[in-house]
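Read the figures in this text as sums done on the coordinates, not as results from a lab. These numbers were taken from a predicted model, which means no experiment stands behind them. As a convention, Cβ positions derive from the backbone with ideal geometry for all residues, glycine included, and neighbour counts pool all protein chains shown.
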Amino acid sequence: MEVGLASWYGPGFHGKRTASGERYNMYAFTAAHKLLPMNTYVLVTNLENGRQTIVRINDRGPFVKNRIIDLSYAAAKALGMTQKGVARVRIVALGEGRFKDHRFVFTHQPNLQKGQFFLQVGAFTNYANAVRLKEKLAKRFRCVLIEPYEKDGQTFFRVQIFLATDLNKAKAKYAQLERLFPQAFIVAK
């Protein structure tokens, strides 16, 4: 379970590729999350009005500090938050699966506390800039990676510092580093 701010994205992204490789459909019940595995179904409750919906994670984001999930237009409309743009929500991961014969078939219940958690401290379109930041950070941190990422035909080079294999430990390390990297956020692999 996670509580925080949700936002939504719509027409400007409709038809573009998501991190899962599928095309974004603003009328489907999907969402972007930084940590949850692709195809995880999530129960989202709007804490401001009590409305609920279920979405499938098919993208990464939101890449705005203090937001925990980016919903499709359809999901945001179902939750009554399209006008305001953001809402305080609670999300509960139900499990990985697919929709079959008009019902959810769950194939895996993820352990969201375990994985590889990184702090993303920068993203560059120029590889040389990413290398410079990596070299600077490598003097202080043991494991710094450059992760290429394709979005809308453009390659971004994301600079990430390894935090931990346990989410609580990663959050604790981030709390120590937040002053140094105020715009950074935790991502999972």
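Look at 40, 155 and count the other Cβ atoms within 10 Å of each Cβ; fewest to most, that gives 155, 40.
The angle separating the long axis of helix 127-138 from the principal Cα axis of greatest extent in the chain is about 70 degrees. When the Cα positions of 174, 30, 86 are compared along the charge dipole of the chain, 174 comes out farthest toward the positive end, with charges on each C-beta of Lys, Arg, Asp and Glu.
Here the Gaussian network model covers the chain, with springs between Cα atoms less than 10 Å apart; of 159, 105, 42, 105 fluctuates the most. Taking the charge dipole of the stretch 114-188 about its Cα centre, with +1 at Lys and Arg Cβ atoms and -1 at Asp and Glu Cβ atoms, the residue from 138, 153, 119 reaching farthest to the positive side is 138.
May I ask what percent, to the nearest 5, of DSSP beta bridges between residues of the chain are antiparallel? Before the final figure, lay out each step's value.
Numbers: 46 of 54 bridges.
Bridges in the chain are about 85 percent antiparallel.
Under 5 Å between amide hydrogens, built in the peptide plane, is the criterion, and for residue 34 it picks out 61 among residues at least 5 positions away or on other chains. Springs join every pair of Cα atoms under 10 Å in this Gaussian network model of the chain, and among 77, 171, 100 the largest mean-square fluctuation is at 100.
Given a Förster distance of 45 Å, report the FRET efficiency between residue 179 and residue 51 from their Cβ-Cβ distance, rounded to the nearest 0.05. Spell out each step's value before the answer.
On the way: r = 37 Å, r/R0 = 0.82.
That gives a FRET efficiency of 0.75.
Under a point-charge model restricted to the Cβ atoms of Lys and Arg (+1) and Asp and Glu (-1), what is the dipole moment magnitude of the chain relative to its Cα centre, in debye to the nearest 20?
On the way: 30 positive and 13 negative charges, 91 e Å.
About 440 debye.
Annotation: the residues 86, 3, sorted from fewest to most other C-beta atoms within 10 Å of their own C-beta, follow the order 3, 86.
In this simple spin-label model, placing a label point 7 Å from the Cα along the Cα-to-Cβ direction at both residue 43 and residue 113 gives a separation of 2.0 nm. Is the stretch 118-189 best put as rounded, prolate or oblate by its Cα gyration tensor, with a ≥ b ≥ c the root eigenvalues, rounded for a/c under 1.5, and otherwise prolate when a/b is larger than b/c, oblate when not? It is prolate, given that a/c is not under 1.5 and a/b is the larger ratio. Measuring r between the beta carbons of residue 171 and residue 100 and using R0 = 41 Å, the FRET efficiency lands at 0.70.
Under a Gaussian network description of the chain, with springs only between Cα atoms under 10 Å, the residue in 164, 31, 175 that fluctuates furthest is 175.
List the chymotrypsin sites (Phe, Trp or Tyr not before Pro) within the stretch 111-178 that fall in a DSSP loop (any state other than H, G, I, E or B) and whose Cβ has at most 16 other Cβ atoms within 10 Å. Passing both the DSSP loop test and the Cβ count: 141. Here are several values of semi-axes √(5λ) of the Cα gyration tensor in Å: (i) 29, 18, 16; (ii) 25, 23, 14; (iii) 32, 17, 17. Which one was derived from the coordinates shown? Of the listed options (i) 29, 18, 16; (ii) 25, 23, 14; (iii) 32, 17, 17, (i) comes from this structure.
Rounded to the nearest Hz, the phi-derived 3J(HN,Hα) couplings of the stretch 23-37 under the Karplus curve 6.51 cos²θ - 1.76 cosθ + 1.60 (θ = phi - 60°) are 7, 5, 10, 5, 9, 8, 8, 10, 7, 10, 9, 6, 10, 5, x, where x marks glycine and proline.
Axis angle, to the nearest 10 degrees, between helix 167-177 and the longest C-alpha principal axis of the chain: 50 degrees. For the stretch 58-70, 3J(HN,Hα) computed residue by residue from phi via the Karplus equation (6.51, -1.76, 1.60; θ = phi - 60°) reads 9, 8, 9, x, x, 9, 10, 4, 6, 10, 9, 8, 10 Hz, glycine and proline entered as x.
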